[in-house]
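Remarks on the structure that follows.
The values are calculated or read from the model by the stated rules, or taken from the named source; none is laboratory data. Values in this document were obtained by computation on a predicted structure and should not be read as measured data. With ideal geometry, Cβ positions are generated from the backbone for all residues, glycine too; neighbour counts draw on all protein chains shown.
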Amino acid sequence: MNYRELGRTGLMVSEIGLGCEGLVDHDGALVGPLMDAAESAGINCLDLYSPDPKMRSQLGKALKGRRNRFVLQAHLCTVWKDDQYKRTRDITEVKAGFEDLLSRLETNHIEIGMIHYVDSLSDWEAVKNGPVMAYAQTLKSEGRIGCIGLSSHNPEAAIAAVESGRIDVLMFSVNPCYDLQPAGEDCEALWSSANYEKPLTNMDPQRAALYELCERKGVGITVMKAFGGGDLLNEKLSPAGRALTACQCLHYALTRPAVASVMVGAHTLEELNASLSYETASDEERDYAAALASFPKISWVGHCMYCGHCAPCPQGIDVASVTKFLNLARAQGRVPETVREHYAVLPHKADECIGCGACTGRCPFGVDAVANMSEAARVFGR
């Protein structure tokens, strides 16, 4: 298992994390087996959005003796009411829900306290300026949560949250189809077939800006819906008109800026193992570029997807990384100090480009990589 830094939190998390869907399913029968399989594979990051009391209690028992080996991303503002999940902003319910979480998990702290499901600017403003954020900050100051996170499907709301400096972690829906869709407050629109009927071209600019902003600000991204609820794995259901493999979806998400861990919603041990196969998959099995380029209604022409097809460079330049840092500088309109430092440690700089065009010729998306190297040499001064 590979581990990544979760932004500025200081946490190291497994690049494959475990969602709680399978922990809730099957009347909890798979809580133990899934946790054992996760630990055995090196998974150390768990997302716990569900407030299901039975799941929480069973997970608490399963964590005994190994709690310190897991990073828990647990959601504030989710409560169990009338035998079902409910999102809430009622601070009395929020506080009671968190106390129930700690009690049932038999722990005194959570590494990531995730403010749940903020999909509109108005909701973000209410959260930011109201008792929910104040409570989260109190929990952090008391050490009962290690850092504050926020989950969202809307890049507009997510950008506002990241720019505020109030959150350390963003949980966001990342996959190659959702990334085409513009910002909106209705997350259902992300997988509505009507929104994929017309040809689509390139990543939505706000989504690209969000990923680059998180990279600059040190806000780590944990990913939800990497498989689009399973639709992307099924040719009949895929909005793109063709299916991707689990490895391709995971690699796409893990090559976005700032992404640290993908939470896989495995309902069975077989589904978990399919995702874990990513860790031993070949470059060819992970490669999503050719598949994306073949989608009948979707085009990424001229947009760098950081897929690495430009390699190898005869001069040893990491063309994809240089392009990523260039895009970060473009988005900011200047070269942020952190971007400059990351660029500085690259063993080969853009000014070493000899303009042979091998990278451009290999790019399945028609990116003019040579022009990018020339611009990067000018922007970074070498």
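The set of residues from segment 336-382 being among the small types (Gly, Ala, Ser), free of Cβ contacts under 8 Å to residues at least 40 places away in the same chain, surrounded by 15 or more Cβ atoms within 10 Å (Cβ to Cβ) and touching a helix residue (DSSP H, G or I) at 6+ places or on another chain (Cβ under 6 Å) comprises 350, 377. A single member of 244, 250 is at negative phi, under 19 Å from the mean Cα position of the chain (by Cα) and assigned to a loop (DSSP other than H, G, I, E, B), and it is 244. Residues of segment 213-249 that are of a type in the set (D, E, K, R) and surrounded by fewer than 23 Cβ atoms within 10 Å (Cβ to Cβ): 216, 217, 231, 235, 236, 242.
For segment 97-126, filtering for residues that are over 28 Å from residue 69 (Cβ atoms) and out of contact with any strand residue (DSSP E or B) (no Cβ under 7 Å at 6 or more places or on another chain) leaves 7.
For segment 275-300: of the residues being farther than 18 Å from residue 39 by Cβ and of a type in the set (A, V, I, L, M), which is modelled with the lowest pLDDT?
Step one: list which residues in segment 275-300 are farther than 18 Å from residue 39 by Cβ, which gives 281-300.
Going one step further and asking which of them are of a type in the set (A, V, I, L, M), we end up with 281, 289-293, 298.
Values: 281: 94, 289: 82, 290: 77, 291: 77, 292: 76, 293: 74, 298: 69.
Per the stated criteria, the residue is 298.
Here residue 134 fulfils each of the conditions (1) surrounded by 19 or more Cβ atoms within 10 Å (Cβ to Cβ); (2) under 19 Å from residue 170 (Cα atoms) apart from (1). In segment 253-286, how many residues are part of a loop (DSSP other than H, G, I, E, B) and either farther than 24 Å from residue 151 by Cα or among the aliphatic types (A, V, I, L, M) (or both)? Matching residues across segment 253-286 total 5.
Any residue at all in segment 33-45 that's of a type outside the set (A, V, I, L, M), over 22 Å from residue 249 (Cα atoms) and touching a Leu at 6+ places or on another chain (Cβ under 8 Å)? Don't jump to the end; show me each part of the working.
Going residue by residue through segment 33-45, those that are of a type outside the set (A, V, I, L, M) are 33, 36, 39-40, 42, 44-45.
Filter once more, keeping what is over 22 Å from residue 249 (Cα atoms): 33, 36, 39-40.
So of that shortlist, the ones also touching a Leu at 6+ places or on another chain (Cβ under 8 Å) come out as 33.
Yes, segment 33-45 contains at least one residue that is of a type outside the set (A, V, I, L, M), over 22 Å from residue 249 (Cα atoms) and touching a Leu at 6+ places or on another chain (Cβ under 8 Å).
Under the condition of being surrounded by fewer than 19 Cβ atoms within 10 Å (Cβ to Cβ) and not charged (D, E, K, R), the residues counted in segment 140-159 number 2.
Among the residues of this structure, residue 175 counts as one that is over 30 Å from residue 67 (Cα atoms) and not in a helix (DSSP H, G or I). Residues in segment 253-272 that are more than 20 Å from residue 72 (Cα to Cα) and under 12 Å from the mean Cα position of the chain (by Cα): 253, 255, 256, 257.
When 48, 34, 23, 18 are checked against the criterion of being in contact (Cβ under 8 Å) with a residue 60 or more places away in the chain and within 21 Å of the chain's Cα centre (by Cα), a single residue qualifies: 18. Scanning segment 48-99 for residues that are among the polar types (S, T, N, Q), surrounded by 14 or more Cβ atoms within 10 Å (Cβ to Cβ) and assigned to a helix (DSSP H, G or I) turns up 57, 58.
Quick one: which residue in 301, 322 is out of contact with any Ser or Thr (no Cβ under 8 Å at 6 or more places or on another chain), of a type in the set (Val, Ile, Thr) and in contact (Cβ under 8 Å) with a residue 12 or more places away in the chain?
Of 301, 322, the one residue that is out of contact with any Ser or Thr (no Cβ under 8 Å at 6 or more places or on another chain), of a type in the set (Val, Ile, Thr) and in contact (Cβ under 8 Å) with a residue 12 or more places away in the chain is 322.
Screening 333, 308, 316 for residues that are surrounded by fewer than 18 Cβ atoms within 10 Å (Cβ to Cβ), modelled with pLDDT under 85 and more than 26 Å from residue 18 (Cβ to Cβ) leaves exactly one candidate, 333.
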